[in-house]
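The values are calculated or read from the model by the stated rules, or taken from the named source; none is laboratory data. Predicted model only: the values in this text are computed from it and were never measured. With ideal geometry, Cβ positions are generated from the backbone for all residues, glycine too; neighbour counts draw on all protein chains shown.
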Amino acid sequence: MNIFASRMVLIGLTSLLIIAPFVLWGVLYVAVRKWSLNLRPLIARFRAFRWVAWSCGVLLIVGCLAGGHYPWSYAIAVATFSAGLTFPESWLKRQYAPIDSIA
């Protein structure tokens, strides 16, 4: 049995990649509210991780176009995961905005 052809694996992995940014956002929110952590250094790391995820999604799409033997859903799920990371990243940017930029 090919693990990448299993529908349950496909559904589970794509669901996990789509939901993961929102779970991460919730964890960051709880960490800031409950423990008063300074998460400002994570802003740059989020941007880098988002671009790495986006690059992986593009490579998977190119692999599908080149005759890959895996479903398109994986490539779309990774690209969606990358786009979903913009929500917690923008929340962190607003949370730790410089005081001069708040109008």
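Annotations
- Within segment 10-44, the set of residues being within 14 Å of SER90 (Cβ to Cβ) and aromatic (Phe, Trp, Tyr) comprises PHE22, TRP25, TYR29.
- First in segment 27-47 and over 17 Å from LEU85 (Cβ atoms) and assigned to a loop (DSSP other than H, G, I, E, B), second anywhere and at pLDDT 85 or above and not basic (Lys, Arg), Cβ under 7 Å, 6 or more apart: LEU37/ALA31
- Residue selected from segment 54-73 under the condition under 19 Å from VAL9 (Cα atoms) and of a type in the set (Phe, Trp, Tyr), by the criterion surrounded by the most Cβ atoms within 10 Å (Cβ to Cβ): TYR70
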